[in-house]
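Nothing in this text is a laboratory measurement; each read-out follows from the coordinates by a stated rule. Computed from a predicted model, the values in this text were never measured in an experiment. Using ideal geometry, Cβ is built from the backbone for each residue, glycine included, and neighbour counts are taken over all protein chains shown.
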Amino acid sequence: MLVQNSLSEVLQAREELFSKTKWTDPTSQLQNRVKGEELSRYFLLTDSERIGIEETIRLLVSTTPYYLSLSDPSDPNCPIRRMIVPTADEAVFSLEESPDPLEEERLSPVRGLTHMYPNRVLLFSNHSCSVYCRHCMRGRKVSSSDERMEKSDLESAFDYIKNHPQIEDVVVSGGDPLNLADNRLEWILKELNEIPHVKICRLGTRNPVTLPFRITENICNIIEKYNDDNLSIFCNTQFNHPKECTKEAKEAILRLLKVGVSVGNQAVLLKGINDDEETMLTLHKKLLEMRVRAYYLYDPELIPGSRGFRTPLARGIEIVEYMRGKIGGMGIPHFVNDLPGGGGKITIGANWYLGYFPKTRQHAFRSAVTKKIHFSFEPIGSDKESYYPTISEEEWERMKQT
């Protein structure tokens, strides 16, 4: 039974938590993580949140004191709070949902390795994260001790990669690989560095957002050691809201950049958190200030208990359309849907291209800046005219008048 404290008690509990945590020490942050049954000490919970905490069908609840400090204890609509605290929506398993909508397990030739694309694999290196985000698409595995990857499991994954020379790119994910001990992370990078046909390693980590102090000097030295002529190491993280773009987060990003690691952002479009144009534009402007390039904006996955986060597909298209012309191209993410059934990612763009009018050999485009229609010619002798969607006579005349 969750006992609700008063606002003054909540604020006092927060102050006590923050003061007993060695703030810049990642170990202390992890040791003082707040679990589900403790949330009533740090938030004025709604009835929906109480149900979510007690009846969630998703992963465990946990947050670092640092990430908790970014949240509002009294506002249930606080975007950070929404990513920390379950709601009643998490207690509902809808008919369209699946624990593994991308069929990663079907595409897993050995434990912890997903081979969906011919030349790329995803390595599930770790079941643990600093914060268990409520929208996590891998909630069937993350936070479960049954999914712990032993050294023997990782060795089997490396053997598979070694025996498949077409694999050039390994995404090291989880969980969060930067929650591994330093020596385990170094061993993984060393193994990948020594496989001749593996040229790219991408670290998928949310620690720059949820525990920036984990990006230590030693971690950076390890990454720099194996980021060489044999292996190019990249980092993809996940900032979802401008409130996450803190001074501490920027310092963590700069530490990675200084050892030659390019950092990209993979945001998730989340209902009530970032599903409006100005929030997403502000987020990506702040990310560019932090020297983080936009990479993906994900349409939410059909995972159990996720109905509270999912948005209409059109929302992502509208947001990316709105951003064009208001920020440099490197600040605009690709809106992607990771297709259910293991179909892989597809990009979904705004409809700037309107079609082709064969009589005049002209293409019609809608400008992101002026919103007017502009025209351009197809080369004489082109054999690609049948490739384009054709504009009718009536539609062509209408376009010419605008």
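Only bridges with both residues in the chain count here: give the DSSP antiparallel percent, nearest 5. Approximately 40 percent, going by the DSSP bridge assignments. Size descriptors for segment 271-310, from the alpha-carbon set: Rg then Dmax equal 12.3, 35 Å. Rounded if a/c is under 1.5, else prolate if a/b beats b/c, else oblate: with a ≥ b ≥ c from the C-alpha gyration tensor eigenvalues square-rooted, which is segment 1-151? Because a/c hits 1.5 or more and a/b fails to exceed b/c, segment 1-151 counts as oblate.
Exactly which trypsin sites (Lys or Arg not before Pro) in segment 113-188 are in a DSSP loop and have at most 16 other Cβ atoms within 10 Å? Each step should come with its number before you reach the end.
On the way: sites: Arg120, Arg134, Arg138, Arg140, Lys141, Arg148, Lys151, Lys162, Arg184; in loops: Arg134, Arg138, Arg140, Lys141, Arg148.
Hits after loop and neighbour filter: Arg148.
In this rough spin-label picture, where each label sits 7 Å from Cα along the Cβ direction, the Ser232-Glu96 distance is 3.8 nm. Note down the nm distance, to one decimal, between modelled labels 7 Å out along Cα→Cβ at Arg111 and at Asn218. Reported label-point gap for Arg111 and Asn218 is 2.7 nm.
Could you compute the FRET efficiency for Thr347 and Gln401, with r as their C-beta to C-beta distance and R0 at 35 Å, rounded to 0.05?
Working: r = 32 Å, r/R0 = 0.91.
E between Thr347 and Gln401, to the nearest 0.05, is 0.65.
Using packing as a proxy for protection, rank 343-352, 28-37 so that the peptide with the highest average count of other Cβ atoms within 10 Å comes first. Could you put the intermediate results ahead of the total?
Working: 343-352: 13.1, 28-37: 17.0.
Listed from highest to lowest mean packing, they are 28-37, 343-352.
Per-residue ellipticity at 222 nm, computed for the chain from helices alone with -39500 (n - 2.57) per DSSP H run of at least four residues, works out to -9000 deg cm²/dmol. Excluding Lys250 itself, calculate the net charge of residues whose Cβ lies under 13 Å from the Cβ of Lys250, where each Lys or Arg counts +1 and each Asp or Glu counts -1. It works out to a net charge of +1. Across the chain, the volume of the C-alpha convex hull divided among the residues equals 171 Å³ per residue. Computed extension length for Leu339-Glu385: 13.6 nm, one decimal, from 0.36 nm per residue of separation with the Cα-Cα distance subtracted.
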